[in-house]
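What follows is a short report on a single structure.
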Amino acid sequence: MTRFALHWALTGVILSLLGCAPAVTGWRHFHGDLRGQGFLNVKSGYAVSPSWRSEPLKITGSSPVLGRDAAGAEVIYVGTTDATLVAVDAATGAARWKRSLGSPGVASSIVSSPTVADDGGILVVSTADLGGGRLQSWLHKVDRQGHHRWSQLFPNGGFTTGAPRAFTFAGQSLVLVRMLGGNPGALRSEVLVMRDAGEWGELAGRQALAECRGSGLLYSGLLRTWSLLAAFPLEPGVGPVDLILDPTPALNTDRSNPLIVAADNLCRIAVLEWDGAKLSVLWEAAHSGQIHSSPAVLSPNLVVLGRRDGTLLAYDGPTGVKMWQYDAGEPIYSTPSGSATGIIFAASAGHLHAVQAGSGESALPSGTGQRLAISGSTLSSPAVTAECVYLPMREMLTVSHDFKVRSYNSAFSGNGLSSPAVGSDGSIYVVALDGAIWKYQGPK
């Protein structure tokens, strides 16, 4: 047994004895927490019949996140293709407020997930089409009452379809984003740390990754993705695998200096460190012609991400040592998810896979299939609870961790882009093809 496998085995034993996972912080960010683990240690039920459906909203790529109002009640936040941030009451499904964040005179959209800061405010990226093949993104902050606080332009014509991450370090409220900039023939990937000063935002640090030459073809793909995401509804016949999304960075704050994992779809992945004043690159790994999923940081420092060639890769975060790789046999575009017992769930183009985090080997008992066939391709990332895995596709799939118990809600039809969110009571929130949010009630 390897040292990493032994760590995960001991972690599972300890968690089973204690009957709990590490502290639950809520589904405040894309794919759950800052690490992007896609996991919340709550009991939940099978997504068979929704308890409510919201009004149809113009949602394509944005995944819902959860915050709380001043009274402590859960609220859902999501962005729309007409650049509106919407707050939905988690108890009733009614819209509480809508805040337009569009840019005057240009077509703007919100196609990525918001993030909820420690003060309850919501940060979200909007992007505008300036014409001539140029995109421009802004970072906005809105308080939990729906009041606009500030907007900050990305520097040097930068843009992204990825989500931001709000975090606190050394007493400062900060926001992590990864953007693309430069010219189409030599796109540059940069990591930005923005400071939330309350009534305004400002750039606190930035670090460029190495340039990627010959990126003109990819740029054309990014523009096509943008035009499809920014239109509602999605064009008939367009599948998730036709789109090239910007991976959202992952963040590990359980160390003296936060560890940042940034993947791009240009030529590399990188791990950086933030010391409160500047960003430093710890290591980079180059790749050629590979599209990556958003990364996840699993305990203790395992960086996991999927790739277009069907490889699920695991690195040691601080050092960049490759721990293992798993061959899914088909592209993995959605973010992998972890569990309290060291199982990684990853959705490929046609299957859901269960992999041991310690070794990259099958996580299921002998005689049980290591992968489960799913209906249609998806970029939606699986959401994991203490008992179940949820994946929206052409239908809503719920499956037990061992894949033995399954349910399919064929009344639901997803767009293959937006990922589920898990409430503190085990409720599941997911976006349907018509833009409506569906709630599947957690256990009573």
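The values are calculated or read from the model by the stated rules, or taken from the named source; none is laboratory data. All values reported here derive from a predicted model rather than from experimental measurement. For neighbour counting, all protein chains shown are included, and Cβ atoms are generated from backbone atoms with ideal geometry for every residue, glycine included.
Data for the structure
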item: TYR333 vs. criteria aromatic (Phe, Trp, Tyr), closer than 26 Å to PHE403 by Cα and either within 21 Å of the chain's Cα centre (by Cα) or not in a loop (DSSP other than H, G, I, E, B) (or both); result: yes
item: Some residue of segment 289-297 being touching a Ser or Thr at 6+ places or on another chain (Cβ under 9 Å) and in a strand (DSSP E or B); result: yes
item: Among (1) at pLDDT 95 or above; (2) crowded, with 24+ Cβ neighbours inside 10 Å; (3) not acidic (Asp, Glu), the one test that TYR333 misses; result: (1)
item: Strands (runs of 3 or more DSSP E) contained entirely in segment 67-177, each with at least 1 residues that are of a type outside the set (S, T, N, Q) and closer than 28 Å to GLY416 by Cβ; result: 74-79, 84-89, 95-100, 107-109, 122-131, 134-142, 165-169
item: Single unsatisfied condition, ASP69 versus (1) out of contact with any Asp or Glu (no Cβ under 8 Å at 6 or more places or on another chain); (2) buried (at least 18 other Cβ atoms within 10 Å of the Cβ); (3) of a type in the set (D, E, K, R); result: (2)
item: Extreme residue, nearest to ARG35 (Cα to Cα), among residues of segment 240-261 that are modelled with pLDDT under 95 and crowded, with 19+ Cβ neighbours inside 10 Å; result: PRO247
item: Cross-chain or 6+ apart pairs with Cβ under 6 Å, segment 262-291 first and in contact (Cβ under 8 Å) with a residue 40 or more places away in the chain and over 22 Å from PHE167 (Cβ atoms), then assigned to a strand (DSSP E or B) and basic (Lys, Arg); result: GLU284/ARG268; ALA286/ARG268
item: Selection count, segment 358-373, where residues are among the polar types (S, T, N, Q), in a loop (DSSP other than H, G, I, E, B) and modelled with pLDDT under 90; result: 3
item: Given (1) assigned to a strand (DSSP E or B); (2) without any contact (Cβ under 8 Å) to a residue 40 or more places away in the chain, number of the condition VAL355 does not satisfy; result: (2)
item: Selection within segment 310-328 - under 24 Å from THR378 (Cβ atoms) and either surrounded by 15 or more Cβ atoms within 10 Å (Cβ to Cβ) or within 18 Å of the chain's Cα centre (by Cα) (or both); result: GLY310, THR311, LEU312, LEU313, ALA314, TYR326, ALA328
item: Residue satisfying all of: in segment 336-361; closer than 30 Å to VAL281 by Cβ and among the β-branched types (Val, Ile, Thr); surrounded by the most Cβ atoms within 10 Å (Cβ to Cβ) among these; result: ILE344
